[in-house]
Amino acid sequence: MSDILLLEDDLLLGETLEDLLDEEGYNVQWCKNGQEALDLSYASKFDLYVFDINVPLINGLTLLSELRNADDFTPAIYLTSHQEKEVMLEGFANGADDYLKKPFDTDELLLRIKALLRRSQGKSKVCTGTLCIDRERHMIYEDRKELVLSKKEYILLALFIDNSDKTVSKEMIIDALWSTEEGVSDGAIRVYINRLKQELSTVEIQNVRGIGYRLVS
């Protein structure tokens, strides 16, 4: 049974979603404001977040950003009445995995939830060569030895593992490590690339001139 944290301040919609997810066999905890959701996320482990954006105390965008900054990479889907492209871009920049615009079809919501849970569970442990990532514990191992990484180093190396033997563009790195408001130079990217190179001994990060970098195992 998967545990879902639901953040929705509309009482009728929240009750409807709680009943729907409960009928589908999910264990649901329903919060009506962002602070309550933040407190619950620290107290319990969840398999999925389903967040509205416009909620009291802490909005859904800020909440997910705070969770990601606390190394919480639980899959998240937004339910929102926002139509502006900028809001959705901010949501994805803050770490969202999917979103649905209100009003939405509940069958579609259930399909998206199942897809996110299946994808996250299937990718919780991935190996390429001597590198293995355990997303549940937020750890990366090289030749069975845990690497001591900062948050950004972990995210960057995970990006390389997911794209093993493929070129990871500078744009992909910027999107993964920084928010849209932050100005990022090539030098900042090189700092994190060099830190990873110092940590790794059995794999190589190659520079692809003018495009990005590639992890070669």
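The table below gives the values:
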item: Any hit, the stretch 89-104, residues being in a helix (DSSP H, G or I) and either touching a Pro at 6+ places or on another chain (Cβ under 6 Å) or under 17 Å from Trp30 (Cα atoms) (or both); result: no
item: Unmet requirement for His138, which otherwise passes all of (1) surrounded by 17 or more Cβ atoms within 10 Å (Cβ to Cβ); (2) under 20 Å from the mean Cα position of the chain (by Cα); (3) not hydrophobic (A, V, I, L, M, F, W, C); result: (1)
item: Exclusive hit being over 25 Å from Leu17 (Cα atoms) and in the same structural domain as Glu182 (by TED's automatic domain parsing), set Glu86, Glu146; result: Glu146
item: Pair list, Cβ < 7 Å and 6+ apart or interchain, from the stretch 93-115 residues that are aromatic (Phe, Trp, Tyr) to residues that are part of a helix (DSSP H, G or I); result: Tyr99/Met88; Tyr99/Gly91
item: Residue check for Ser81: under 20 Å from Glu108 (Cβ atoms), surrounded by fewer than 22 Cβ atoms within 10 Å (Cβ to Cβ) and in contact (Cβ under 8 Å) with a residue 60 or more places away in the chain; result: no
item: Leu215 being on the phi < 0 side of the Ramachandran plot, free of Cβ contacts under 8 Å to residues at least 60 places away in the same chain and either surrounded by 18 or more Cβ atoms within 10 Å (Cβ to Cβ) or not charged (D, E, K, R) (or both); result: no
item: Odd one out for Lys145 among (1) over 30 Å from Gly14 (Cα atoms); (2) in contact (Cβ under 8 Å) with a residue 40 or more places away in the chain; result: (2)
item: Hits in the stretch 105-160 (condition: acidic (Asp, Glu) and part of a helix (DSSP H, G or I)); result: Asp107, Glu108, Glu153
item: The stretch 27-43 residues that are within 15 Å of Leu64 (Cβ to Cβ), paired with ones that are hydroxyl-bearing (Ser, Thr, Tyr) and assigned to a helix (DSSP H, G or I) (beta carbon under 9 Å, 6 or more apart); result: Gly34/Thr62
item: Subset tally (residues that are free of Cβ contacts under 8 Å to residues at least 60 places away in the same chain and surrounded by fewer than 20 Cβ atoms within 10 Å (Cβ to Cβ)) for the stretch 1-12; result: 6
item: Candidate set from the stretch 103-121 (those that are at pLDDT 90 or above and of a type in the set (D, E, K, R)); member that is surrounded by the most Cβ atoms within 10 Å (Cβ to Cβ); result: Arg112
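The values are calculated or read from the model by the stated rules, or taken from the named source; none is laboratory data. Every value quoted in this text rests on a predicted model; they were computed, and no experiment measured them. FYI the Cβ positions are ideal-geometry reconstructions off the backbone, even for glycines, and counts take in every protein chain you see.
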